[in-house]
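Below is one structure, written out as structure tokens; the observations come after it.
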Amino acid sequence: MATDPTDGVDKGATEIDDQPFIKASSEARRLYGRFNLAIVGGTGVGKSSLVNAVFGRDRAKVGKGLPVTKGVNYYHDPSLGIWDFEGFEIGSTSPAETIRSGLETISQRPDDEQIAVVWYCVLASADRLTQTDIDLIRELDAAGLPVILVMTKVPWEKNPVTGKFKAPKDAEEFRKWLEDPEDANGSPIELPLRRVILTAAQGRGAGQGLGDLVAETLALSPEDEKDSFRIAQRLNLPMKRQLARPVIASAASLATAAAAVPIPVADAAALAPIQMTMMGRVAAIYDLELKAMVSAPALAQLGVQIAGKALARSFIKLIPGAGSVINATVAAALTAATGEAWLRLCEQVYLGKVDLAQIDDVWRDYSPTF
């Protein structure tokens, strides 16, 4: 029968300091920083749907909207910034000059607002780029920015037998032309694209191509911004686990060192600061706002739960000859198990399967018990 880790320890709830939890999350957010994406495309091309599908929020709802210069708006929250280049339609006055001016303005902004990757969006139903498109892509490349051309609203076709999706023939032909463009006379066109990705954010085949877009965006991101992209994107859970697991392992190592001189079970809460710091960092990786997740009293109670005497005793029972103290092996196991439990809960919140308002109540279902 599982042991309730809160048995007999509620009186100590107020003795657990919740600050390591909150401080670790804030420091992690500063460490990982903000990923900045530039997105270019005409009205109706599906930019908002694309951003919402990959990042889980509409560009207009990312946060504070800031009109920076003509034709350019900046939307941002702590982990994601969107530079939205608008109004570059056929017939626009000097669109290349306008985008060049916009890029010059952006280059003078703070470091945490600089563009990492550009998504240049065109409808899959088009069969060629306009000269305006070509000029704009060249300007973006000349500024040293990696450009991914994203074909949007691809009407994917599902094979009734295999269940696999396939892009229609005309979309594939457009993609092939983009990868090796020629003019009407068969002369090659200079088109400095890094990748061409076919996508559907909504409608038929919704979600197709988005995984490739995430993978290619990560590959083209500067090394010091890859982690911020892993945090900002909301499609690829393994990317987040790759960041979270080393945090858990590091906390387990710290717990091992802390218990080099064995800790009496009665003092099990001594491990709480290490574990709560770990939990704060993991929550930041899942881009979860801790103040909205857990109240201060609940944070203290979580600390008691994860480092409670009953839970510590349950670990000790698993290790023959461990006695009545938490040694290095027990401390590492307890901390690692707590980290994995917290990771699973963060994933459920991240996936929308657990409401933030319920997190205080459901933690007990995830906390490690034996």
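Give A249, A201 a once-over and let me know the one that is of a type in the set (G, A, S), farther than 16 Å from T338 by Cβ and modelled with pLDDT of 90 or more. From the options A249, A201, the qualifying one is A201.
May I ask you to say which residue of A206, A260, A268 is small (G, A, S) and either at pLDDT 95 or above or part of a helix (DSSP H, G or I) (or both)?
Working: A206 fails: either at pLDDT 95 or above or part of a helix (DSSP H, G or I) (or both); A260 fails: either at pLDDT 95 or above or part of a helix (DSSP H, G or I) (or both).
Every option except A268 fails the conditions.
Looking across the stretch 147-193, the residues that are acidic (D, E) and either touching a strand residue (DSSP E or B) at 6+ places or on another chain (Cβ under 9 Å) or within 25 Å of A38 (Cβ to Cβ) (or both) come down to E157, E172, E179, D180, E182, E190. Restricted to the stretch 125-175, and to residues there that are closer than 17 Å to R194 by Cβ and among the charged types (D, E, K, R), the residue that is surrounded by the most Cβ atoms within 10 Å (Cβ to Cβ) is D133.
So, D180, is that one open to solvent by 50 Å² or more (accessible area, probe 1.4 Å) and under 14 Å from the mean Cα position of the chain (by Cα) or not? Reasoning before the result, please.
Details: open to solvent by 50 Å² or more (accessible area, probe 1.4 Å): yes; under 14 Å from the mean Cα position of the chain (by Cα): no.
It is false that D180 is open to solvent by 50 Å² or more (accessible area, probe 1.4 Å) and under 14 Å from the mean Cα position of the chain (by Cα).
Go through the residues of the stretch 61-77 one by one and say whether even a single one is assigned to a loop (DSSP other than H, G, I, E, B), at pLDDT below 85 and within 28 Å of Y350 (Cβ to Cβ). Yes: the stretch 61-77 contains one or more residues that are assigned to a loop (DSSP other than H, G, I, E, B), at pLDDT below 85 and within 28 Å of Y350 (Cβ to Cβ).
Could you identify the single residue in D141, D135 that is under 20 Å from T43 (Cα atoms), in contact (Cβ under 8 Å) with a residue 40 or more places away in the chain, touching a Pro at 6+ places or on another chain (Cβ under 9 Å) and not in a loop (DSSP other than H, G, I, E, B)? If you could, list the steps in order and put the result at the bottom.
Working: D141 fails: under 20 Å from T43 (Cα atoms).
Being under 20 Å from T43 (Cα atoms), in contact (Cβ under 8 Å) with a residue 40 or more places away in the chain, touching a Pro at 6+ places or on another chain (Cβ under 9 Å) and not in a loop (DSSP other than H, G, I, E, B) holds for just one of D141, D135, which is D135.
Within the set L210, L198, the sole residue that is in contact with a Lys or Arg (Cβ under 8 Å, 6 or more places away or on another chain), open to solvent by less than 30 Å² (accessible area, probe 1.4 Å) and either more than 30 Å from M239 (Cα to Cα) or touching a residue at least 40 places away in the same chain (Cβ under 8 Å) (or both) turns out to be L198. Only one of the numbered conditions (1) at pLDDT below 90; (2) touching a helix residue (DSSP H, G or I) at 6+ places or on another chain (Cβ under 7 Å) is violated by G186, and that is (2). Could you check how many residues of the stretch 101-128 are under 25 Å from the mean Cα position of the chain (by Cα) and assigned to a helix (DSSP H, G or I)? Here the count works out to 5. Of everything in the stretch 150-180, what is among the hydrophobic types (A, V, I, L, M, F, W, C) and more than 21 Å from R204 (Cβ to Cβ)? Give them in sequence order. Scanning the stretch 150-180 gives W177, L178. Taking into account only those residues within the stretch 325-355 that are outside any helix (DSSP H, G or I) and over 22 Å from the mean Cα position of the chain (by Cα), which is surrounded by the most Cβ atoms within 10 Å (Cβ to Cβ)? Filtering the stretch 325-355 for residues that are outside any helix (DSSP H, G or I) and over 22 Å from the mean Cα position of the chain (by Cα), the one surrounded by the most Cβ atoms within 10 Å (Cβ to Cβ) comes out as I326.
The values are calculated or read from the model by the stated rules, or taken from the named source; none is laboratory data. Since this is a predicted model, take the numbers as computed values, not measurements. Glycine also receives a Cβ, built like all others from the backbone with ideal geometry; neighbour counts cover every protein chain displayed. Please note that ligands, DNA and RNA were not included when accessible areas were found on the heavy atoms of the full protein model with its side chains. Shrake-Rupley method; radii C 1.70, N 1.55, O 1.52, S 1.80 Å.
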